[in-house]
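Enquirer: A single structure is presented below for examination.
Derivation of every value follows stated rules applied to the coordinates shown; laboratory data play no part. Predicted, not measured: the structure shown is a model, and the values here were computed from it. Neighbour counts run over all protein chains shown; Cβ positions are idealised from the backbone, glycine included.
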Amino acid sequence: MDKEQLTARFAANRHSLLSFIYAFVRNMQDAEDILQEVWLRFFGALERGAEIHEPERWCRGTAKNLILHHWRDRKNARVVADSELLDLVELAFVEHEPEVETSQARQRALLECIQMLPEKSKRLLRVRYDEGQPMETIARLLNQSAASVMMALSRIRGLLRQCIKEKLKSPGFAE
């Protein structure tokens, strides 16, 4: 795999790795800092010409070492720095990787399905979910009742569910 492909794989698995790190440090800023350090070490290894055949495993291994250092550096930590514990949790993450891939395929299908909706439906989704507006506010904006807005959103969600199912069943989509 070339450097661009490995970088793309790192980016695609960023959220999974961040979740892995956060599970141990329980502080989002610390988890982000460790993730950044993993990225720097990963990119540095690529720059030095290292052959990394399993980037997810390589990054988790680097993250485990950084988490151990993080625990040891914290004076008031209530956690025993134990690499065996890290290994067990890593095993649990590895066992659930197919679920992450499925989740990513569902996310991609959702985005494609949303793009196929009429503009009015996309706007309604944006106002409700991106902006987080309450039903009453949306109803006032659209000069409709809250019940009709809820019904419209229900229909849109049903259409999206069906579209996602069809996309996921189509050959080659999840690859």
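Enquirer: Past 31 Å, Cα to Cα: identify those pairs from K120/K169; K122/K169; K64/K122; K64/K169, in the order given.
Expert: Checking Cα-Cα distances, K64/K122; K64/K169 exceed 31 Å.
Enquirer: In addition: Between D130 and F43, what is the label-point separation in nm under the 7 Å Cα-to-beta-carbon projection?
Expert: Reported label-point gap for F43 and D130 is 2.8 nm.
Enquirer: I'd like to compare 127-135, 4-12: which one has the highest average count of other Cβ atoms within 10 Å, and what's the full order after that?
Expert: Going by the mean number of other Cβ atoms within 10 Å, highest first, we get 4-12, 127-135.
Enquirer: In the neighborhood of E47, defined by Cβ-to-Cβ distances under 12 Å, what is the net charge if each Lys or Arg adds +1 and each Asp or Glu adds -1?
Expert: +3
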